[in-house]
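Visitor: Pasting a structure below so you can have a look.
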């Protein structure tokens, strides 16, 4: 305790000097009396007495006001603890509140006496034990106090006055030292010494003869002062001690002063039991008396001055409060209040024992305070707030009528709604508190009011809506309080059923589903549906189990052993805990399956997906619509029967998961043809090619490798050539455009066209998109950019031979597009592709996408060639007809390349869509080859360029050994690098030299700087601009000279009166000049 710590610090100093008390005159006579009172209610039958008391109080107020004006402050009356059981005879409540209240008063008085005995003896053995401990602590404390008092008295009796008489002072003047400034110590003499002696006497360190001499007795008082205020105890009055003395002596917190903070001081004293002080800013005698009491209690000098040290201790005491070992009359008042509020069994004394601490902790926990067990200001304020609450018997308040109205609403009814709080209201409040497990003291405290408002404002009542109401209604229906429409709205019929349920289970019949009602519903749901119970809700349970094929149960109200067994079967089947008891989780699963949207009579988009999967795994010929009809039910039952599931025709989660698993698993199709024969057909009839341009014939070794499904491992990019392509996905248009088609030439922002094509022709739109990106070089090929044609479909070119794509050009009637390469056969890909597009009227990128998809579906996918592998090799036709079928491409690596493109372009998107694979298998099919065969040697049909043709690469470019991607890569040429161009292969690949090495690069990624075409016959070239003629060229390629910036070397010079721009050209390593007019750059 705070006061014990202070006592231990200063006890030694206090024993050194005699206790000399100056009589102090109390000039605030109005503060002589302090009483503690508890107001009691007046009945209406005592109104005349009440009026008389009011007149007396008016007279007292007048007297008090007069005294206040004289003295500056007025003490409050002390509280006299007076418990009366008076109840107003005008109680407005219903029921029995109109009965004679005299009996109540009598019984109340008797109860008070009985309670006094109860609190003395304790309510039980454990409380007696705790109170005994308190008493032992009290006795020990009393012994300690007596011992300390004896020591002080003994010390005082031995104390001798060391101050000299004036004559002795004169005789000793030669032996003393005159000191003009601090510090002052024993033997010093100075006028200032007399001054600080007077101040020490004034602030309670008294009995000092006020002379200029510093003697032993003075030193003892200085030491006591220093100890009291936490200074270094030296007995020397140094400057620090003088400053503290002046601070205390001149403190505004002493009798006769006014200060703004004095009112705060009074509030704190009042709150901690040193009270009855009228809160003003004036410091009177009664305030000083209360301060002295606090100082004495806390163990410091009790001088009645609220110096900074005293105020600091008071502030700490307000925060910490009374604790074990303390003794004060406030403690006894607190105990009586705690007992009255239900935190009882405390023996009412002024001692704070361990049992008192426990009850204070209970009180703090109940009201949400910090549980310290210390009775601090917050705790005492909360105690008074409850104890003196206006919301208790005998009081009138506007809030009372609202409380009565709410009590009536939540089922504690029969109360007449007035503003008076009578006995019947108190009874109903106690009933409410007991019902909800609160302290039943009959006072509407904050805890009671919060609970009342919580129930009153429950979202589970008439006219309200809440998302959890559906579940509660379902439970009520299951428990037989049913035929409630399951929704989130609380209507009148629901309220009626709730009231019936509450009445049946001894709950407050409010019609509100409060916490107790909800808990009862949930408890019943977990207990009544088990063997041996009989309940009307059991009938519904049996009906549902029978429908879900856990059946043949007699549908009665009794829950027998056979029902238990079927419940166990249900729980085991759906992975629930097998108990045979229908708890909440079992009910939820029963309802989930029973009410599934995936059953006959339902209509939703998910049904389309299920039908697609069933069709794909050969439970088919189902029309793929949103409606779940009887034929679909039969197909689902067939699937369930074939796979050992419960056969009820509902697509529950077990059925759905197995359908999806079968749908996503790899399908193996066996073909009735040997692998060797299949290879032979391809070589004899298929004209297979090794490269995409169709220039390099494929040899047998490579045909065998790319035809063998064993060579493509599961989960590899190449494996996607077996992916089924005849189903759409749920990817959105915006996803297609943003993820895959940004900056893709004429394919940019065509996601809607691919989505429409997929839905229209039952194709995987992602496959279509990847197919188009590959065929068109990401939307930049000649056919993808569009080709201008006349009304007969003939390609239109300008004078330089460039294709015209402007629809507004005079020679152009249409611009055609081809996104999948239809008609672009190897011998004449451009003309064939344009003609095909013109015939099908593909006059926009979108029409080419959708129209081409139709051809893919009609020509391949819908005919059973629904994988990339099948589109290339058509194994079904070969197996049935022993001859080559229809093939999409001659390139033997086309399925693999397309599969890699799908994998590389789509990436993680493939993980979010349903993908199935169909793996072909042939008779005597070889195992996986250990290595890939070498590429066949290509025919070198090369158009050589003139010497000194220079180009730069426009990207990091693969430098290969041959003119296609099938050849090994030599290295990668960095973007912007210069290369020497030797010539061009008919495939469009360029034969080049880079860093002294010859090889091949794709011409699509090379910017040829100086290759020009001589446009005309016998065009002369000269030794200098307009100089001597050295020869002529006709319609052939020529190399122009470049400067260091790759700019053409040129000069202007006149010839025959006309000025021409002359370009320097290179012929066989010699430089000549030719007029610009006859030269055209080759792109």
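Here is a yes/no grid of residues against (1) on the phi < 0 side of the Ramachandran plot; (2) surrounded by fewer than 18 Cβ atoms within 10 Å (Cβ to Cβ); (3) at pLDDT below 90:
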position	(1), (2), (3)
291	yes, no, no
296	yes, yes, yes
301	yes, no, yes
310	yes, no, no
319	yes, yes, yes
334	yes, no, no
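Visitor: Look through 1077, 1071, 1052 and report the one residue that is farther than 17 Å from residue 943 by Cβ, outside any strand (DSSP E or B) and free of Cβ contacts under 8 Å to residues at least 60 places away in the same chain. Full working, then the answer.
Guide: Details: 1071 fails: outside any strand (DSSP E or B); 1052 fails: outside any strand (DSSP E or B).
Checking each option against the conditions leaves just 1077.
To keep it simple, each residue is scored yes or no on (1) surrounded by fewer than 22 Cβ atoms within 10 Å (Cβ to Cβ); (2) closer than 23 Å to residue 512 by Cβ.
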{"residue": "328", "(1), (2)": "yes, no"}
{"residue": "350", "(1), (2)": "yes, no"}
{"residue": "355", "(1), (2)": "no, no"}
{"residue": "360", "(1), (2)": "no, no"}
{"residue": "371", "(1), (2)": "yes, no"}
{"residue": "389", "(1), (2)": "yes, no"}
{"residue": "408", "(1), (2)": "yes, yes"}
{"residue": "416", "(1), (2)": "yes, yes"}
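Visitor: Output the number of the condition that residue 485 fails; it satisfies all remaining conditions of (1) within 21 Å of residue 407 (Cβ to Cβ); (2) touching a helix residue (DSSP H, G or I) at 6+ places or on another chain (Cβ under 8 Å).
Guide: (1)
Visitor: Given the conditions (1) modelled with pLDDT of 90 or more; (2) under 25 Å from residue 322 (Cα atoms); (3) part of a loop (DSSP other than H, G, I, E, B), report the number of the one that residue 273 does not fulfil.
Guide: Only one criterion in (1) modelled with pLDDT of 90 or more; (2) under 25 Å from residue 322 (Cα atoms); (3) part of a loop (DSSP other than H, G, I, E, B) is unmet by residue 273, namely (1).
Visitor: Within region 599-608, does at least one residue satisfy the condition of being surrounded by 19 or more Cβ atoms within 10 Å (Cβ to Cβ) and touching a helix residue (DSSP H, G or I) at 6+ places or on another chain (Cβ under 6 Å)?
Guide: In the first step, residues of region 599-608 are kept if they are surrounded by 19 or more Cβ atoms within 10 Å (Cβ to Cβ); the result is 599, 607.
Now drop any that are not touching a helix residue (DSSP H, G or I) at 6+ places or on another chain (Cβ under 6 Å), which leaves none.
Taking every residue of region 599-608 in turn, none turns out to be surrounded by 19 or more Cβ atoms within 10 Å (Cβ to Cβ) and touching a helix residue (DSSP H, G or I) at 6+ places or on another chain (Cβ under 6 Å).
Visitor: Can you name the condition, by its number, that residue 968 falls short on among (1) at pLDDT 90 or above; (2) loosely packed, with under 13 Cβ neighbours inside 10 Å?
Guide: (1)
Visitor: Just to be sure, is residue 1015 surrounded by 14 or more Cβ atoms within 10 Å (Cβ to Cβ) and either at positive phi or touching a helix residue (DSSP H, G or I) at 6+ places or on another chain (Cβ under 8 Å) (or both)? Walk me through how you get there before you give the answer.
Guide: Numbers: surrounded by 14 or more Cβ atoms within 10 Å (Cβ to Cβ): yes; either at positive phi or touching a helix residue (DSSP H, G or I) at 6+ places or on another chain (Cβ under 8 Å) (or both): yes.
The answer is yes for residue 1015.
Visitor: Still on this structure, I have one more. Can you tell which of 977, 1002, 987 is out of contact with any strand residue (DSSP E or B) (no Cβ under 8 Å at 6 or more places or on another chain) and either touching a residue at least 24 places away in the same chain (Cβ under 8 Å) or under 18 Å from residue 777 (Cβ atoms) (or both)? Walk me through it before giving the result.
Guide: On the way: 977 fails: out of contact with any strand residue (DSSP E or B) (no Cβ under 8 Å at 6 or more places or on another chain); 1002 fails: out of contact with any strand residue (DSSP E or B) (no Cβ under 8 Å at 6 or more places or on another chain).
The unique qualifying residue is 987.
Visitor: Considering only strands (runs of 3 or more DSSP E) fully contained in region 882-972, which possess at least 3 residues that are touching a helix residue (DSSP H, G or I) at 6+ places or on another chain (Cβ under 7 Å) and touching a residue at least 24 places away in the same chain (Cβ under 8 Å)?
Guide: In region 882-972, 918-923 are the strands (runs of 3 or more DSSP E) which contain 3 or more residues that are touching a helix residue (DSSP H, G or I) at 6+ places or on another chain (Cβ under 7 Å) and touching a residue at least 24 places away in the same chain (Cβ under 8 Å).
Visitor: Oh, and also: Select from region 391-413 the residues that are under 40 Å from the mean Cα position of the chain (by Cα), within 21 Å of residue 506 (Cβ to Cβ) and not in a loop (DSSP other than H, G, I, E, B) and list them in ascending order.
Guide: 407, 409
Visitor: A further question on this structure: Of the residues that make up region 772-790, is at least one buried (at least 23 other Cβ atoms within 10 Å of the Cβ), in a helix (DSSP H, G or I) and over 49 Å from the mean Cα position of the chain (by Cα)?
Guide: yes
Visitor: Can you tell me which condition residue 842 does not meet? The list is (1) touching a helix residue (DSSP H, G or I) at 6+ places or on another chain (Cβ under 6 Å); (2) outside any loop (DSSP other than H, G, I, E, B); (3) farther than 18 Å from residue 777 by Cα, and all the others hold.
Guide: In the conditions (1) touching a helix residue (DSSP H, G or I) at 6+ places or on another chain (Cβ under 6 Å); (2) outside any loop (DSSP other than H, G, I, E, B); (3) farther than 18 Å from residue 777 by Cα, residue 842 misses (2) alone.
Visitor: For region 295-370, please list each of the helices (runs of 4 or more DSSP H) lying entirely inside it that holds at least 2 residues being in contact with a strand residue (DSSP E or B) (Cβ under 9 Å, 6 or more places away or on another chain) and touching a residue at least 40 places away in the same chain (Cβ under 8 Å). I'd like the intermediate steps shown before the answer.
Guide: Numbers: elements: 308-320, 329-340, 354-366.
Passing ranges, in order: 329-340.
Visitor: Name the one entry in 652, 691, 618, 666 that is out of contact with any strand residue (DSSP E or B) (no Cβ under 9 Å at 6 or more places or on another chain) and at pLDDT below 95.
Guide: Details: 652 fails: at pLDDT below 95; 691 fails: out of contact with any strand residue (DSSP E or B) (no Cβ under 9 Å at 6 or more places or on another chain); 666 fails: out of contact with any strand residue (DSSP E or B) (no Cβ under 9 Å at 6 or more places or on another chain).
Among 652, 691, 618, 666, only 618 is out of contact with any strand residue (DSSP E or B) (no Cβ under 9 Å at 6 or more places or on another chain) and at pLDDT below 95.
Visitor: Hey, another quick one. For region 429-468, which residues satisfy the criterion of being surrounded by fewer than 22 Cβ atoms within 10 Å (Cβ to Cβ) and in a helix (DSSP H, G or I)?
Guide: 430, 431, 434, 435, 446, 447, 449, 450, 451, 453, 454, 456
Visitor: Quick one: count up the residues across region 623-645 that are closer than 19 Å to residue 608 by Cβ and without any contact (Cβ under 8 Å) to a residue 12 or more places away in the chain.
Guide: 1
Visitor: Something else about it: Based on this model, can you work out whether residue 813 counts as surrounded by fewer than 18 Cβ atoms within 10 Å (Cβ to Cβ) and at pLDDT 90 or above?
Guide: On the way: surrounded by fewer than 18 Cβ atoms within 10 Å (Cβ to Cβ): yes; at pLDDT 90 or above: yes.
So residue 813 fits the description; yes.
Visitor: Right, something else. Say we look at region 488-514 and pick out the residues that are touching a strand residue (DSSP E or B) at 6+ places or on another chain (Cβ under 8 Å) and part of a loop (DSSP other than H, G, I, E, B); which of these is surrounded by the most Cβ atoms within 10 Å (Cβ to Cβ)? Walk me through how you get there before you give the answer.
Guide: Of the residues in region 488-514, the ones touching a strand residue (DSSP E or B) at 6+ places or on another chain (Cβ under 8 Å) are 488-490.
Still in the running and part of a loop (DSSP other than H, G, I, E, B): 488, 490.
Details: 488: 15, 490: 25.
Across region 488-514, the extreme among qualifying residues is 490.
The values are calculated or read from the model by the stated rules, or taken from the named source; none is laboratory data. This one's a predicted model, so the numbers in the text were calculated from it and none came from an experiment. A quick note on method: Cβ atoms are made from the backbone with ideal geometry, for glycine too, and the neighbour counts reach across all protein chains shown.
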